[in-house]
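Data block below; observations after.
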Amino acid sequence: MSIESPEHLRRRGLASDLGRLKRMIEIREVEETIQSLYSAGEIRGSTHLYSGQEAVAVGLASVAPLGDTVACTYRGHGMALALGMEPTAVIGEVCGRSTGCVGGIGGSMHLCDPSIGLLPTFAIVGAQIPVAVGVALASAYRAADSVAWAVLGDGATNIGAFHESLNMASVMGLPVVFVIENNLYGEYSPLRWTTPLDDLFRRGEAYDMRAAAVDGQDVHAVAEALAEARSHAAAGRGPSLIEAKTYRYSGHSRSDLGLYRSADEVQTWVSRDPIGILAERIWPEGHSSRLSEMVEQVRSEVRAATEHALRPMPPIDKVEMLRHITG
Amino acid sequence: MESDECVIVLGEDVGAAGGAFKVTEGLQERFGVRRVIDTPISETAILGGAMGAAIAGLRPVAEMMFVEFAGVALDQLVTEAATVRYLSRGQLNVPMVLRTAVGGGQGFGAQHSQVLDHWFTSSPGLKVAMPADPNSAYHITRLAIWDDDPVVVLEHKGLYGDRGEVDLEEPPWAIGEAVTMRVGQDVTIVAAGAMVSVALAAAETNPGWSADVIDLRWLRPWDVDQVLASVAKTGVLVTVEEAGPSAGWGGDVSLTVCQTLWSRMKFPPLRVTTPDAPVPHAQELERRFLPNAEYVVQQVSSLLETGSVPLPWWEYR
Ligand SMILES: Cc1ncc(C[n+]2csc(CCOP(=O)(O)OP(=O)(O)O)c2C)c(N)n1
Ligand SMILES: [Mg+2]
């Protein structure tokens with residue numbers, strides 16, 4: 001028996017509500033750290049923050065056993081942390097340091113750790129969706145009980161890859177769960193400018209697929225819906241399409257302040273914060289002081305992780321930089 | 001497929017129908033619908049699906065009926081499959097094959113007659129082969145399937161009807177290895193795919209010069225050493241490509257040879273290509289469009305006689 005890796009232990013930590021709460025706080029803290037590192041000029045290229053959507057990733061990771069595969073987007077820091085990646089590895093990668101999960105060759109949009117089932121996150125909208133279908137094909141072929149997860153945004157439901165993938169997964173009855181993180185915007189365009197529907201799960205009907213919407217701010221609701229979808233898939237009964245209604249607190253990327261959204265709209269969503277909702281459920285009375293305590297604790301852990309990620313280390317050398325292009 | 005359950009085949013009409021060009025005929029009867037899968041008309045889902053299955057440990061062989069159809073799904077190959085090994089720092093790899101029909105000569109018109117090798121050869125992470133005869137089709141396809149990276153095999157439609165011996169006993173070939181089909185003294189002619197037989201036919205006409213004819217077999221990686229060794233001997237390089245001159249492999253081969261052997265080259269390199277234009281349909285037009293043996297002889301002879309690169313036929317006055 002090998003000793004469990006820290007990442008695997010972190011994954012198992014999501015079995016309890018306290019574990020889930022703590023992880024959601026960690027995601028929020030890491031994203032805030034990344035935002036300030038960006039402002040301080042420590043981060044090149046793009047970052048796409050996950051604040052506000054934490055319940056989706058944590059809900060998914062808490063019902064996806066090790067052995068499942070997750071194909072997710074460039075908005076992937078939260079998913080990586082939820083699946084078990086250490087904050088140091090995320091922050092290091094986003095900052096292009098050799099302390100990152102892939103030594104700085106990937107950056108914010110390309111986090112990866114196969115040991116927790118995370119494929120290199122995909123920076124082309126929709127590209128991950130057929131890949132998850134292929135992983136599910138292999139799983140069905142071997143009669144394995146693992147399931148593939150395709151995580152996508154609302155905007156990605158308008159790209160051909162989405163439709164081809166749903167159709168093929170359905171006609172072949174593959175063990176894949178499509179999870180739409182409907183945060184109401186694709187870049188700067190509100191959903192309704194680009195899409196003739198509010199309820200994106202209805203797109204499943206066109207593919208005769210089991211489909212449902214879920215409150216994406218409630219980690220319990222997310223976990224329950226995804227656990228059901230997973231059992232359905234693992235039992236050989238085919239794919240599901242689950243739409244999590246959620247919201248991103250920050251702009252689309254980097255310096256976008258999201259000013260195309262009304263203060264009212266933002267306030268309405270912030271008042272249904274996934275962290276607050278779970279904290280209230282865990283501590284029906286006096287949750288705010290217990291929550292602040294936990295936030296303080298996580299904040300200092302993330303601070304330590306950040307220092308560790310940014311500690312002086314030489315970048316990977318030219319041999320490493322040019323390795324692994326082909327075998 | 002017999003020796004490894006991990007090998008599966010997927011594509012449009014590859015199963016029950018045996019493929020548009022009958023390359024996979026009989027496979028579904030033999031290996032069943034689980035392993036030989038008829039897919040929807042969804043190129044992105046086919047290539048992305050093959051990629052996902054390959055990451056998960058299968059060895060999928062995907063077919064695109066015509067190479068042009070890969071265009072609607074190019075992302076999955078050049079941006080996704082080609083970068084997985086790199087982005088995972090070698091923890092993941094994508095042992096998939098894309099087989100696809102390329103080339104002109106059958107009157108399929110502008111949208112079904114291109115070779116388009118440069119769509120793939122400019123992608124680090126991909127390997128690209130172009131068989132020229134039945135024996136290389138067999139050995140290259142096997143190499144492609146057992147290789148641990150994504151490999152694109154460009155099968156020329158004009159060669160599907162070819163008959164030839166396949167040597168099942170040959171030891172495995174190496175990826176990126178060319179073969180010298182004919183040995184000569186005066187000029188090195190490098191070709192791939194259907195242009196190999198054109199180059200050979202040209203060299204066999206007793207044109208007053210003799211040629212090393214090299215079948216490149218692989219366009220990425222390509223056999224720099226074998227080409228250099230030949231040009232070091234002959235001092236003259238000619239490439240024969242079934243495509244226009246823009247962004248073709250002949251340009252890369254010529255540049256590499258010039259940069260390495262400049263002082264030993266007698267003449268500038270000659271690239272025999274098609275015009276930089278879409279492929280026409282009518283038989284007479286298409287025949288004129290594609291390089292043939294007679295034209296290769298003319299061009300090479302002119303180079304050797306005058307010492308400068310002759311105008312291509314479409315610029316004759
Ligand atoms: C094929 C492709 N087109 C456009 C882009 C640029 N782009 C990056 S993210 C994005 C918005 C996607 O919106 P959505 O799917 O809702 O995901 P979200 O960012 O909201 O999580 C766009 C258009 C891209 N990366 N890939
Ligand atoms: Mg969105």
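Odds and ends about this structure:
- Residue that is closer than 27 Å to A:W283 by Cβ, at pLDDT 95 or above and touching a helix residue (DSSP H, G or I) at 6+ places or on another chain (Cβ under 8 Å), where the choices are A:T73, A:T33, A:T88: A:T33
- Only one entry in B:G90, B:G105, B:G15 is surrounded by fewer than 22 Cβ atoms within 10 Å (Cβ to Cβ), more than 24 Å from the chain's Cα centre (by Cα) and away from ligand 1 (no atom under 16 Å from the Cβ), namely B:G90.
- Residue within region A:206-222 that is within 29 Å of A:Y141 (Cα to Cα), assigned to a helix (DSSP H, G or I), within 14 Å of chain B (Cβ to nearest Cβ) and more than 16 Å from ligand 1 (Cβ to nearest atom) present: yes
- Test result for A:P120, without any contact (Cβ under 8 Å) to a residue 40 or more places away in the chain, more than 14 Å from ligand 1 (Cβ to nearest atom) and touching a Cys at 6+ places or on another chain (Cβ under 7 Å): yes
So that you can scan it fast, the table gives a plain yes or no per residue for (1) of a type outside the set (S, T, Y); (2) surrounded by 16 or more Cβ atoms within 10 Å (Cβ to Cβ); (3) closer than 30 Å to A:G41 by Cα; (4) touching a residue at least 12 places away in the same chain (Cβ under 8 Å):
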position	(1), (2), (3), (4)
A:R237	yes, no, no, yes
A:S240	no, yes, no, yes
A:K245	yes, yes, no, yes
A:P274	yes, yes, yes, yes
A:P284	yes, no, no, no
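- For region B:87-103, a residue qualifies if it is basic (K, R) and either farther than 14 Å from B:I145 by Cα or not assigned by TED's automatic domain parsing to the domain that holds B:D117 (or both), and exactly one does: B:R89.
- Candidates B:E68, B:E80 - the one that is at the interface with chain A (Cβ under 7 Å from one of its Cβ atoms) and acidic (D, E): B:E80
- Considering A:V70, A:V56, A:V90, the condition of being in contact (Cβ under 8 Å) with a residue 12 or more places away in the chain and more than 17 Å from A:P120 (Cα to Cα) is satisfied by A:V56 alone.
- The C-beta contact set for region A:310-327 (first residue at positive phi, second residue modelled with pLDDT of 95 or more, distance under 6 angstrom, 6+ apart or interchain) comprises A:H324/B:R85; A:H324/B:Y86; A:H324/B:R89; A:H324/B:G90.
- Annotation note: Cβ proximity below 8 Å between a residue of region B:294-312 that is over 13 Å from B:T273 (Cα atoms) and buried (at least 17 other Cβ atoms within 10 Å of the Cβ) and a residue that is small (G, A, S) and modelled with pLDDT of 95 or more (sequence gap 6+ or interchain) occurs for B:V297/B:A202.
- Some residue of region A:191-205 being closer than 30 Å to A:A144 by Cβ, among the hydrophobic types (A, V, I, L, M, F, W, C) and at pLDDT 95 or above: yes
- Condition met for A:N183 (at pLDDT 95 or above, crowded, with 24+ Cβ neighbours inside 10 Å and near ligand 1 (Cβ under 9 Å from one of its atoms)): yes
- Filter pass, B:V231 being within 22 Å of B:E294 (Cα to Cα) and among the β-branched types (V, I, T): no
- Hey, A:G52 within 16 Å of ligand 2 (Cβ to nearest atom), modelled with pLDDT of 95 or more and assigned to a loop (DSSP other than H, G, I, E, B) or not: yes
- Selection status of A:T99, touching a strand residue (DSSP E or B) at 6+ places or on another chain (Cβ under 9 Å), within 14 Å of chain B (Cβ to nearest Cβ) and of a type in the set (S, T, N, Q): no
- Taking every residue in region B:36-50 that is in contact (Cβ under 8 Å) with a residue 12 or more places away in the chain and pairing it with any residue that is of a type in the set (F, W, Y) and not in a loop (DSSP other than H, G, I, E, B), at least 6 positions away or on another chain, the pairs with Cβ-Cβ distances below 6 Å are B:E43/B:F69.
- Scanning region A:189-203 turns up at least one residue that is touching a residue at least 60 places away in the same chain (Cβ under 8 Å) and more than 14 Å from every other protein chain (Cβ to nearest Cβ).
- Count of region A:192-206 residues, restricted to those that are surrounded by fewer than 20 Cβ atoms within 10 Å (Cβ to Cβ) and either charged (D, E, K, R) or within 15 Å of ligand 2 (Cβ to nearest atom) (or both), is 9.
Every residue, every condition in (1) out of contact with any Ser or Thr (no Cβ under 8 Å at 6 or more places or on another chain); (2) hydroxyl-bearing (S, T, Y); (3) surrounded by 14 or more Cβ atoms within 10 Å (Cβ to Cβ); (4) over 24 Å from A:E86 (Cα atoms), yes or no:
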position	(1), (2), (3), (4)
A:Y249	no, yes, yes, no
A:R261	yes, no, yes, yes
A:V266	yes, no, yes, yes
A:E296	yes, no, no, no
A:L310	no, no, yes, no
A:P315	no, no, no, no
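- Residue within region A:210-227 that is among the small types (G, A, S), within 16 Å of ligand 2 (Cβ to nearest atom), closer than 30 Å to A:S16 by Cβ and without any contact (Cβ under 8 Å) to a residue 60 or more places away in the chain present: yes
Conditions (1) more than 18 Å from B:A50 (Cα to Cα); (2) more than 7 Å from every other protein chain (Cβ to nearest Cβ); (3) in contact (Cβ under 8 Å) with a residue 60 or more places away in the chain, marked per residue:
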{"site": "A:H110", "(1), (2), (3)": "yes, no, no"}
{"site": "A:D113", "(1), (2), (3)": "yes, yes, yes"}
{"site": "A:Q128", "(1), (2), (3)": "no, yes, no"}
{"site": "A:T157", "(1), (2), (3)": "yes, yes, no"}
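- Boolean, A:E265 is assigned to a helix (DSSP H, G or I), more than 14 Å from every other protein chain (Cβ to nearest Cβ) and without any contact (Cβ under 8 Å) to a residue 12 or more places away in the chain: yes
- Verdict on B:L27 being in contact (Cβ under 8 Å) with a residue 24 or more places away in the chain, within 11 Å of another protein chain (Cβ to nearest Cβ), over 26 Å from A:I159 (Cα atoms) and among the aliphatic types (A, V, I, L, M): no
- Helices (runs of 4 or more DSSP H) (entirely within region A:268-327) containing at least 3 residues that are more than 24 Å from A:G216 (Cα to Cα): A:287-309, A:318-321
- Answer from B:A45, B:A54, B:A50, B:A20 - the residue that is more than 20 Å from B:W146 (Cβ to Cβ), within 12 Å of chain A (Cβ to nearest Cβ) and not in a strand (DSSP E or B): B:A45
The values are calculated or read from the model by the stated rules, or taken from the named source; none is laboratory data. Source: prediction; values computed, not measured. No Cβ is skipped: glycine too gets one built from the backbone with ideal geometry, and neighbour counts run over all protein chains shown.
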